[in-house]
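Okay, structure first, notes after.
FYI, it's all coordinate maths here, none of it is from the lab. Bear in mind that the values here come from a model prediction, so they are computed numbers and not experimental data. Please note: Cβ atoms are built from the backbone with ideal geometry, for glycine as well, and neighbour counts cover all protein chains shown.
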Amino acid sequence: SRFGPSRIREVSIGVEEYSPYLDRDLADLNFFDAGDIPLPFGNAQRSLDMIEEYVDSILEKGKFPMGMGGEHLVSWPVIKAMYKKYPDLAIIHFDAHTDLRVDYEGEPLSHSTPIRKAAELIGPHNVYSV
């Protein structure tokens, strides 16, 4: 999963830039790729802290972050940072799994737990899983 973001970049070359529904071209929008955050491999808590700090810094600059690909657990610090800025945050979660576990095989920092953590933070009524 750690190679997910680079794979998304690799295949994004083939993304159609024009939307007939919006009658807009993606090239006309302002966006940037912040790149990967160099994380300490094997240190989940420090990695999560670094992700949250990085997203905080993006939000402080008036930008709206969007993360794609990779390990599900990295959603948790992004959600925490977004919630600090947007206390009325709601989440639309697309996944084959609910990710609502307290832990997975005894590990609370697991790919199976971020949506539960998010629901506990923002309220389950603000989480929509598809």
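With charges only on Cβ, +1 for K and R and -1 for D and E, what is the dipole size of the chain about its Cα centre, in debye, rounded to 20? Intermediate values should be presented prior to the final figure.
Values: 13 positive and 21 negative charges, 56 e Å.
Charge dipole, the chain, about its Cα centre: 260 debye, nearest 20.
I need two numbers for the chain: Rg to one decimal and Dmax as a whole number, Cα atoms only, in Å.
15.9, 49
Between the alpha-carbon centers of segment 71-130 and segment 1-22, tell me the distance in whole angstrom.
If you average the Cα positions of each part, the centres end up 24 Å apart.
Using only Cα atoms, find the angle between the long axis of helix 44-60 and the longest principal axis of the chain, and express it within 0 to 90 degrees, rounded to the nearest 10.
The two axes meet at around 40 degrees.
At 7 Å along Cα-to-Cβ for each site, give me the label-to-label distance between Glu17 and Leu121 in nm.
Output for this residue pair reads 3.4 nm.
As a test of the formula, what do you get for the chain when each DSSP H run with n ≥ 4 contributes -39,500 (n - 2.57) and the sum is divided by the residue count, at 222 nm and rounded to the nearest 500 deg cm²/dmol? Working shown, then result.
Details: 4 runs with 45 residues, N = 130.
-10500 deg cm²/dmol, from helical runs alone.
Which aspartates and glutamates, if any, have their Cα less than 20 Å from the Cα of Lys117, not counting same-chain residues under 8 positions apart?
Asp49, Glu52, Glu53, Asp56, Glu71, Asp88, Asp95, Asp99, Asp103, Glu105, Glu107
Run the numbers for Lys61 and Phe32: contour at 0.36 nm per residue of separation, minus the present Cα-Cα distance, in nm.
Working: separation 29, 0.36 × 29 = 10.44 nm, distance 1.28 nm.
Extending this stretch completely gives an extra 9.2 nm.
At most 13 other Cβ atoms within 10 Å and a DSSP loop assignment: could you name the GluC sites (Glu not before Pro) in segment 33-130 that fit? Don't skip to the end; give the middle numbers.
Values: sites: Glu52, Glu53, Glu60, Glu71, Glu105, Glu120; in loops: Glu71, Glu105.
The qualifying sites are Glu105.
Any idea what angle helix 75-85 forms with the longest principal axis of the chain, computed on alpha-carbon atoms, 0 to 90 degrees, nearest 10?
Tilt of helix 75-85: around 80 degrees.
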